[in-house]
1. Just a yes or no: is a residue in the stretch 99-110 loosely packed, with under 14 Cβ neighbours inside 10 Å, more than 24 Å from LEU2 (Cα to Cα) and out of contact with any strand residue (DSSP E or B) (no Cβ under 7 Å at 6 or more places or on another chain)?
2. Residues VAL58, VAL74: which one is under 19 Å from ALA130 (Cβ atoms) and either in contact with a strand residue (DSSP E or B) (Cβ under 6 Å, 6 or more places away or on another chain) or surrounded by fewer than 14 Cβ atoms within 10 Å (Cβ to Cβ) (or both)?
3. Pairs please, first residue from the stretch 125-136 and exposed (fewer than 14 other Cβ atoms within 10 Å of the Cβ), second anywhere and at pLDDT below 85 and not β-branched (Val, Ile, Thr), Cβ atoms under 8 Å, 6+ apart in sequence or on different chains.
4. All but one of (1) small (Gly, Ala, Ser); (2) assigned to a helix (DSSP H, G or I); (3) open to solvent by less than 20 Å² (accessible area, probe 1.4 Å) hold for ALA34, so report the exception by its number.
5. Could you say whether any residue in the stretch 65-76 is in contact (Cβ under 8 Å) with a residue 40 or more places away in the chain, of a type in the set (Asp, Glu) and assigned to a strand (DSSP E or B)?
6. Can you name every residue in the stretch 98-124 that is closer than 15 Å to ASP80 by Cα and among the charged types (D, E, K, R)?
Amino acid sequence: MLSIRRASEADCALIRRLAGEVFPATYREILAPAQLDSMMEWMYSPENLRRQMAEGHVYYIAYKDGTPCGYLSVQPEADDLYILQKIYILPRFQGVHAGSFLFRKAIEHIKQLHPAPCRMELHVNRHNKAVKFYERMGMRKLREGDFEIG
């Protein structure tokens, strides 16, 4: 059974622990170790997680039978634009539909904030296997670019 709850600042350590498992598993074949370390600190240090929350990033944590299995973060960017900043599922829980569960929660969250039509965008590494997942969920590529990391 999948469940979800909105995260608070008290969950920063849990989010960092989940990221410490899923982030390297997702990117070890795409990014250099120094880039991974830099991104982990940039996105998941307790201070940066608290700052993100203070700036309006909303985190949700998904659970499979009571065990944390993934998380997402949505950020308002403009009046009618929201950014799906993060959506990650721990490797051992991939395939139990937790990703689509979190994706639907992101849409539900945005619709609660902005009932009128609006956009949800995300930035994803073109080599990330999740690109196919996002396409299945109805996302489409708007643009492509190269960004320095670390």
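1. No, that holds for no residue.
2. None of the others qualify; the one that does is VAL74.
3. So the pair list comes out as ARG126/GLU144.
4. Among (1) small (Gly, Ala, Ser); (2) assigned to a helix (DSSP H, G or I); (3) open to solvent by less than 20 Å² (accessible area, probe 1.4 Å), the lone unmet condition for ALA34 is (3).
5. Looking through the stretch 65-76, none of the residues is in contact (Cβ under 8 Å) with a residue 40 or more places away in the chain, of a type in the set (Asp, Glu) and assigned to a strand (DSSP E or B).
6. GLU108, LYS111, ARG119, GLU121
The values are calculated or read from the model by the stated rules, or taken from the named source; none is laboratory data. As the structure is a prediction and not an experimental result, all values here were calculated from the model. Backbone-built Cβ (ideal geometry, glycine too); neighbour counts: all protein chains shown. Side chains are part of the model used for accessible areas, which takes the heavy atoms of the whole protein and leaves out ligands, DNA and RNA. Shrake-Rupley method; radii C 1.70, N 1.55, O 1.52, S 1.80 Å.
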